[in-house]
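Below: one structure, written as structure tokens.
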Amino acid sequence: MAYTQDIVCQNNSFRIYAAYANGEADKRYDFLNDQFPSAVVQVVNKNIKDNTSDDEYAIGLGYNLILKHKFSLVFDLGYAKLVQDFLLPANGQSFFSRQDEQFYWRHKSDYHIIQISPQIQYLLSDGKFKFGEYIQFISNVSFRKAIPEDNLFKNKIEYFATEVYPGIFVEYKRIRVAVGVRALHIKNRDDAIANNLKDSDQYNPFKVKFTLSYDLLKW
């Protein structure tokens, strides 16, 4: 038994990771009818196809702790940048405290985020290549929101969103590749742009996440 435990402990690891996620844009804009003149709504509708999907880039460090029965617990801490370009009015005065213009558009926005991410994974096969499945919980805390085109930015720490990703992974020696699809999304109200005034919103457009990690230390 002691010999078996020693082998298992050798799989604990400290890692570095990089991730990219691509998600469908949230194109809802019906709430604008109650907040803005019809001309604004018409501009958004006219440009509804002139956008790209949301891009998220992340880097960070993680710790992998082997548990019993092929289970392991992973804890990641990292930085992410979320880029969105669906056209919406921006709250230049009320959120960004800019008074030089009466109206601003959000053509593109950058969200700078700290991600705290526990993860449970299960090893399906253990050989030269290891295969498994996992479920990842991500708490997103934004600390800077910016609309570069109009030089709008604000540094403020606030909870941004909760995400849950089930997925699969493959490992070879110190390298691990994982792919997950978002199953749950609880978004806090984003007052940097026009929104539906809900404190939290569970709308979940499709989003897929790819992660590449490398074990810096193993024991």
Exercise. Of Asn151, Asn12, Asn45, which has the largest mean-square fluctuation in a 10 Å C-alpha GNM of the chain?
Worked result: Asn151
For this session: Could you check which residue among Ser72, Ser94, Ser13 shows the biggest mean-square fluctuation in a GNM of the chain with a 10 Å Cα cutoff?
Result: Ser94
Problem set entry | Between region 51-125 and region 179-204, the alpha-carbon center distance in angstrom | 12 Å
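Taking the Cα centre of region 2-218 as origin, sum charge times position over the Cβ atoms of Lys and Arg (+1) and Asp and Glu (-1), and report the length of that vector in debye to the nearest 20. Intermediate values should be presented prior to the final figure.
Values: 27 positive and 26 negative charges, 150 e Å.
Its charge dipole is roughly 720 debye.
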Problem set entry | Backbone HN-Hα couplings from phi across region 140-150 [Karplus 6.51/-1.76/1.60, Hz, Gly and Pro as x] | 9, 10, 7, 10, 7, 10, 9, 10, x, 4, 9
Exercise. Among Gln42, Ala18, Tyr111, whose Cα sits farthest toward the positive end of the charge dipole of region 2-218 (+1 at Cβ of Lys/Arg, -1 at Cβ of Asp/Glu, about the Cα centre)?
Worked result: Ala18
Problem set entry | Eligible aspartates and glutamates near Lys218 by straight Cα distance, threshold 13 Å, same-chain separation 8 or greater | Asp6
Seminar exercise, completed: So Asn33 and Glu158, fully extended at 0.36 nm per residue minus their Cα-Cα distance, gain in nm 42.3 nm
For this session: Treat each spin label as a single point 7 Å out from the Cα along the C-beta direction, and report the Ser97 to Ile59 distance in nm.
Result: 3.0 nm
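Compute for region 1-118: radius of gyration divided by Kirkwood radius, i.e. Rg/Rh, restricted to C-alpha atoms, rounded to two decimals. Let's see the in-between values first.
Working: Rg = 22.4 Å, Rh = 18.1 Å.
Ratio value, two decimals: 1.24.
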For this session: Provide the per-residue ³J(HN,Hα) series for region 48-56, in order, calculated from phi with Karplus coefficients 6.51, -1.76, 1.60 and θ = phi - 60°, each as a whole number of Hz, with x at glycine and proline positions.
Result: 5, 9, 8, 8, 10, 5, 6, 10, 10
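Which whole-number percentage describes the relative contact order of the chain, with Cα contacts under 8 Å and a sequence gap of 6 or more?
Details: 542 pairs, mean separation 47.8, N = 219.
Relative contact order for the chain comes out at 22 percent.
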Exercise. If you compute log10 I(q)/I(0) by the Debye sum over Cα atoms at q = 0.09 Å⁻¹ for the structure shown, which of [x] -0.50; [y] -0.44; [z] -0.38 do you land on?
Worked result: [y]
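Rule-based calculations on the coordinates, nothing more; no lab input. If you're wondering where the values come from, they're calculated on a predicted model, not measured in any experiment. All Cβ positions, glycine included, derive from the backbone under ideal geometry; neighbour counts span all protein chains shown.
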